[in-house]
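To keep things clear, I will list the structure first and then write my remarks on it.
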Amino acid sequence: MIMKTNELTGGLLDYWTAMASEVWKTAHQHFSTMTLDPTFSGVEYREFGYVDNRKVCVLVPSNPFRQDCQQFNPSESWEHGGPLIENYSIDISENFAPDMGGNNWNAHTRGGNRRGRARGATPLIAICRAIVASKYGDEVPDIES
C-alpha cells in the first residue's frame, strides 16, 4: 500500500522525515547525553514509553548499554525540526487561501538533487513533508500494512 507524502502526519511523518534525512548520523548533536557512546544506528516506528498508546519515531542507539532510545518528533518539536530548516535550505511561507483545507503553510527545499514542495497545517509539518518529498517524491510505502 502507498501513502501520499502530503497526507503524512504524526509518528509516520516523523519516521519518514528521519529516513529521508538519515537523522541517526547527526542525532548526537540534538540529544545531549551523559553516556560514552551517544551515537544512533537507525530509526524505528513503534510504541515507545507512555506516549498515549500511539506509535512514534524512535532513534535506536548504536550501543543500547550506554544510550537509551530517543523519540524523534520533528513535526511537533522545534528542537528536532528547526535544525532541518538550515540543513535543507528550506523556504517557508504562510498561505492565506481559505480553500487549502487547513494546510496554510508552504515549504520547499532549495538544496539537494530533488526539490521538495509541501503544505501543512503548521510550519513544522510542511517542513517535514517537503524533506520527505525531496527524497521520495509524492508517495512512500505504508509501513503499517
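Quick notes on this one:
- Exposure rank, largest accessible area first [TRP16, TRP24; 1.4 Å]: TRP24, TRP16
- Averaged over residues, the count of other Cβ atoms within 10 Å places the peptides 123-134, 72-83 in the sequence 123-134, 72-83, highest first.
- On the beta carbon distance between ALA121 and LYS25, with R0 = 35 Å, the FRET formula returns roughly 0.75.
- Accessible surface of TYR15 - all protein chains present, 1.4 Å probe, nearest 10 Å²: 30
- In the assembled protein chains, LYS25 presents an accessible area of approximately 120 Å² (probe radius 1.4 Å).
The values are calculated or read from the model by the stated rules, or taken from the named source; none is laboratory data. Just so we're clear, the structure is a prediction, and the values are computed from it rather than from any experiment. All Cβ positions, glycine included, derive from the backbone under ideal geometry; neighbour counts span all protein chains shown. For accessibility, only protein heavy atoms count, side chains too; no ligands or nucleic acids. Shrake-Rupley method; radii C 1.70, N 1.55, O 1.52, S 1.80 Å.
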